[in-house]
Amino acid sequence: MILLGVAYLVVGVTFGALAGSVSSNRMRVTWRLLAWLLSGAAFAAHIGYEHFQLRDSPATTAFHASLAVALGAFGLAVAANVHTHGSGLSHRLSVALLAWPVVTAVPAFVVALGAARLLGLRRRRA
């Protein structure tokens, strides 16, 4: 869970820097989409690992997956605060330390719970 949270942070910071370094809007969008794709693949792999390897319940799987997402979002909020330190925006971004993890973890929990339940239904039918 911690490893994936760090992975989300690294993907966000790295692809954000790559997107910020290009002059073409098309390439900026491409880098951002690649970050979303990579993060989505990590999220799906996490759900699959929890479900198939650890045989966790759907609720436990969803909780762990959403916690990893929240950890990554918190890391990104910290990185954003460090990046803007002294620019006058850091006061506004301090709210992000709580908001980003909550705003990302809640939908991640719902999606992971649904996915884990669907995987559980498929396992019972097989």
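The values are calculated or read from the model by the stated rules, or taken from the named source; none is laboratory data. Being a predicted model, the structure only gives us computed values, none of them experimental. Note that each Cβ is placed from the backbone with ideal geometry, even for glycine, and that neighbours are counted across all protein chains shown. All accessible areas refer to the heavy atoms of the entire protein, side chains included, with ligands and DNA or RNA removed. Shrake-Rupley method; radii C 1.70, N 1.55, O 1.52, S 1.80 Å.
Output the number of residues of the range 59-89 satisfying the condition of being exposed (fewer than 13 other Cβ atoms within 10 Å of the Cβ) and small (G, A, S).
Here the count works out to 3.
Being out of contact with any Leu (no Cβ under 9 Å at 6 or more places or on another chain) and open to solvent by less than 40 Å² (accessible area, probe 1.4 Å) is the filter here; which residues of the range 20-39 pass it?
V22, S39, listed by residue number.
Quick check, is L121 in contact (Cβ under 8 Å) with a residue 24 or more places away in the chain and open to solvent by 30 Å² or more (accessible area, probe 1.4 Å)?
No, not satisfied.
Report every pair of residues separated by at least 6 positions or lying on different chains whose Cβ atoms are under 6 Å apart, first residue within the range 97-118 and open to solvent by 50 Å² or more (accessible area, probe 1.4 Å) and part of a helix (DSSP H, G or I), second among the aliphatic types (A, V, I, L, M) and modelled with pLDDT under 95.
Taking only residues 6 or more apart or on different chains, the pairs are L97/A77; W100/A77.
Just checking, does the range 49-56 include any residue being within 27 Å of L98 (Cβ to Cβ) and in a helix (DSSP H, G or I)?
yes
Given R55, R92, which one is at positive phi, free of Cβ contacts under 8 Å to residues at least 12 places away in the same chain, loosely packed, with under 12 Cβ neighbours inside 10 Å and not aromatic (F, W, Y)?
Within the list R55, R92, the selection yields R55.
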